[in-house]
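Every number in this text was worked out from the coordinates using simple rules, so none of it is lab data. This is a predicted model, so every value here is computed, not measured.
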Amino acid sequence: GPIAIAYDSFNNAVWVASYGDAGEGDTTSFVEKFNAETGAYITSSVSYMYSIPTAIAYDPTQNAVWMTSSNALQKFNASTGAQIGTNITTGINPVSVAYDSTQNAVWVASYGSNTLQKFNASTGVLSQNNFIIFRAMMYTI
C-alpha cells in the first residue's frame, strides 16, 4: 500500500510511493502519478525493484521526483516517470527526503546510521559531509 506522497506543482500531480498490495502478498515496489484535481491515474507505475520505498520529494527546479529506500536515493523525471541516472548510496535505512531549492540540494535523513546527508540535486554527488544526529545535537563527520 501507499507509504509516502509528494505534490508536484509543475504537473499538478500527486506522486505516491507504494509497496505491494495490502493483504495480497505482493512485494512489488512502485511509484505512481495521479492528477491532483481529479485523482485520475496518469502514468504507469515506475518499477522500483530494490526494496520498500520510504520517502518521496518533488524537485520543481528540475521537474524531478526523489525517492529513498534501503540505503539508496533515486531521481525520476516527473513528466515521464523514467529514472534519471543510477542509484545514489545513502546512510542506512533512510526515512526522509527533502528538496532544498535555495541550495539546489536534496537532504536525506537515515535512521539506521543517525545521519543527515546533503546531495547536489543536479549531480547527485554528496555535497556536504555527513552529519551525525544524536539527541538533537548535530556533529559533522
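You can think of it this way: the chain between S79 and S122 has 13.8 nm of extra reach, that is 0.36 nm per residue less the Cα-Cα gap. Taking 0.36 nm per residue of separation and subtracting the Cα-Cα distance, full extension of the segment from N12 to Y41 would add 9.2 nm.
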